[in-house]
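For reference, the structure is listed below as structure tokens.
Where a number appears in this text, it was derived from the coordinates with a stated rule and is not lab data. Everything numeric in this text was worked out from a predicted model, so none of it was measured. Note: ideal-geometry Cβ built from the backbone for every residue, glycine included; neighbour counts use all protein chains shown.
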Amino acid sequence: VLADWGAEVIKIEPPTGDPFRGLFLTASGVEAELNPPFELDNRGKRSVALDLERPAARAIADALLARAGVSVRELDAVAYGAGPGSFTGLRIACGVAQGIGYGLMEDLVCEDGQVLNPHFSTYKIPTATEMPPIRCYWVETDDPRGPYGAKGLGEMGLVPTAAAIANAVYEATGARVSRIPLTPERVLDAIDAARQERG
Amino acid sequence: VRYLAPTTLSEALDVLADRGDAAKVVAGGQSLLVLLRDRFVDPEVLVGLAEIEPLRALEVNGGARIGAMMTHAQVERDPGMRRGWPLLTAAEAAVSTMQIRNRGTLCGNIAHGFPTADPPAALVACDARVHLASKREGEREVSAEEFFVGMMETVAHADELVTAVSLPPQPAGARWAYLKYAVRPLDFAIVGVAVRLVLAPDGTVADARIGLNGAANRTLRATDAEAVLRGERPSPELLTRAGDAAARQSAPLDDIDGTVDYKRRVIGVYTRRALARALA
């Protein structure tokens, strides 16, 4: 789309080529010259194949990025390390958003088999106004059990977030809250209890 | 459910006189539609106010008069309202989300009588009056303080319509603050404190009016805290005592937003902070 609007779009592909180049052929089983889905998605783009594990190739990529107005880094998170603001980072941020809701707000309250907060007005989840800026830092590793060392990405933001918030509360107040969500009332109670313990 | 769209106030009041509780009024619909969806109310007739032109009026002329069809957003953004009643426009800005402020009305909000809505405390602190009309009793008005009776309960009878809210001019040099405590800004307040203070030339408190949302099953006027302040010179210690008085006078509800003790504590702290903000 950016190319349609007149931008110069350069795509960095691995030495084996964007896997999508072969996908249509594999799926259709037809040995065709043309790959319409690939042509459609990549119209107007130029490509360069770089092996980002090699310093010289990374230098070329860095030079391209340095003069680029916009960089969209996807797929290659492991080889290159996607930065904040990339689509990959966005996926992590979504997981963190869920983790913040899980850790601070989401609480299904039941009484005599009745859910007391059946609406999103009372069963609270974070909205755009509650989201802090989220920065992603990548630890590049591989999972020996995943195909080609791949590891799921979407959930990773969710799993540790509630515990991280509880640890942050402990760090700030000395009070351990052992139940989520950490509502303000629970945090206040825990602070009172910690104070009493200290005497 | 039948939806009627009368074009005059008289027609609307006729329907309410005939049908009483079987009729429900729709202004912005932001409270009523939730009740309909949850089947808390099951009216036979809905009376829409949208076609009644005179209810679409906001007059600022010394005092202010806000018609039943004026939305939160219209009140919040009106330059005359912002100049003359910044406490109310601040409370209006605190109502839920922009989408709801664009549809929901101030009069609908108070007619709903929800104790954790934002505008009521500001109306109490601004000494507002609520105008009611019915076929049976004609027109009458009550102070905002008397208007709220209990959880979703007001002095308005089933055949009465809230036609307007009016506000007297505010005292010269009045200081004010609206402080809301909620988990997310778009939520109903757990506690909302509206403060209006007038200082005498010698620096003592000449007049104090404090409205509290979330402090009882209805919007409360914190008369005990006001009495603590009147005639005294503001100090951190005085504001803390006023906060304590507000907390003691409160009878908050024990619900999913928190326990009674917790809410009392928040009321004390938020009253103190709202006073400090007004004086800053």
Tilt relative to chain B, helix B:9-19 - C-alpha long axis, 0 to 90 degrees, to 10 = 80
request  = For residue B:232, enumerate residues with amide H under 5 Å from its amide H, sequence gap 5+ or separate chain, H modeled in the peptide plane.
outcome  = B:205
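Can you pull out the trypsin sites (Lys or Arg not before Pro) in the range A:143-199 that DSSP calls coil and that have at most 14 other Cβ atoms within 10 Å?
Working: sites: A:145, A:151, A:176, A:179, A:186, A:195, A:198; in loops: A:145, A:151, A:176, A:179.
For trypsin sites (Lys or Arg not before Pro) across the range A:143-199 that sit outside H, G, I, E and B with at most 14 neighbouring Cβ atoms in 10 Å, the list reads A:145, A:151, A:176, A:179.
Determine one quarter of the surface area of the Cα convex hull of chain B, which equals its mean projected area, and express it in nm² to one decimal. Provide the component values of the computation, followed by the final result.
Numbers: hull surface 56.2 nm².
Averaged projected hull area, Cα only: 14.1 nm².
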task = Report ³J(HN,Hα) in whole Hz for each residue of the range B:131-142, in order, from the Karplus equation J = 6.51 cos²θ - 1.76 cosθ + 1.60 where θ = phi - 60°; Gly and Pro get x.
result = 9, 10, 9, 8, 5, 6, 10, x, 9, 8, 9, 10
query = Given the convex hull of the Cα atoms of the range B:68-145, what is a quarter of its surface area in nm²?
reply = 5.3
ask   = Along the range B:80-97, what does the Karplus equation 6.51 cos²θ - 1.76 cosθ + 1.60 (θ = phi - 60°) give for ³J(HN,Hα), rounded to whole Hz, x for Gly and Pro?
value = x, 5, 5, 6, x, 9, x, 5, 5, 5, 5, 5, 5, 5, 7, 6, 5, 10
task = Name the residues whose placed amide hydrogens come within less than 5 Å of the amide hydrogen of residue A:47, ignoring near sequence neighbours (fewer than 5 apart) on the same chain.
result = A:11
inquiry  = Can you list residues from other chains, or at least 5 along the same chain, whose modelled amide H is less than 5 Å from the amide H of residue B:176?
reply    = B:197
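With 17 Å as the cut-off, how large is the P(r) tail for the range B:219-280, expressed as percent of Cα-Cα pairs? Let's see the in-between values first.
On the way: 685 of 1891 pairs.
Summing the P(r) tail past 17 Å for the range B:219-280 gives 36 percent.
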ask   = Cα-based count: Lys pairs in the protein assembly as shown below 21 Å, eight or more positions apart or different chains?
value = 5
inquiry  = Based on Cα coordinates alone, diagonalise the gyration tensor for the range B:33-104, multiply each eigenvalue by 5, take square roots, and list the semi-axes in whole Å, largest first.
reply    = 27, 16, 9
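Starting from the Cα coordinates of the range B:132-246, work out the convex hull volume and express it per residue in Å³.
Values: hull volume 15.3 nm³, N = 115.
Roughly 133 Å³ of hull volume per residue.
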ask   = Hey, what do the phi angles of the range B:223-239 turn into as Karplus ³J(HN,Hα) couplings, whole Hz, using 6.51/-1.76/1.60 and θ = phi - 60°, x for Gly and Pro?
value = 5, 5, 5, 4, 5, 4, 7, 4, x, 9, 8, x, 8, x, 5, 5, 5
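Check each of the GluC sites (Glu not before Pro) in the range A:127-192 and keep only those in coil by DSSP with at most 16 other C-beta atoms within 10 angstrom; list them in order. All intermediate terms of the calculation are to be shown ahead of the outcome.
On the way: sites: A:130, A:140, A:155, A:171, A:185; in loops: A:140.
Passing both the DSSP loop test and the Cβ count: A:140.
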query = Rg (Å, one decimal) plus Dmax (Å, integer) for the alpha carbons of the range B:110-153?
reply = 10.9, 31
task = Starting from the coordinates of the alpha-carbon atoms of the protein assembly as shown, obtain the Kirkwood hydrodynamic radius over all distinct pairs and give the value in Å to one decimal.
result = 26.9
key: Separation in nanometres of the label points that stand 7 Å from Cα toward Cβ, at residue A:114 and residue A:33   = 7.3
key: Gyration tensor over alpha-carbon atoms, the range A:102-199, equivalent ellipsoid semi-axes in Å   = 30, 22, 14
Computed over the range B:1-142, the ratio Rg/Rh where both radii use C-alpha atoms and Rh is Kirkwood = 0.96
message = Largest first, please: the extent of the C-alpha atoms of the range B:142-187 along each principal axis, to the nearest Å.
response = 38, 35, 16
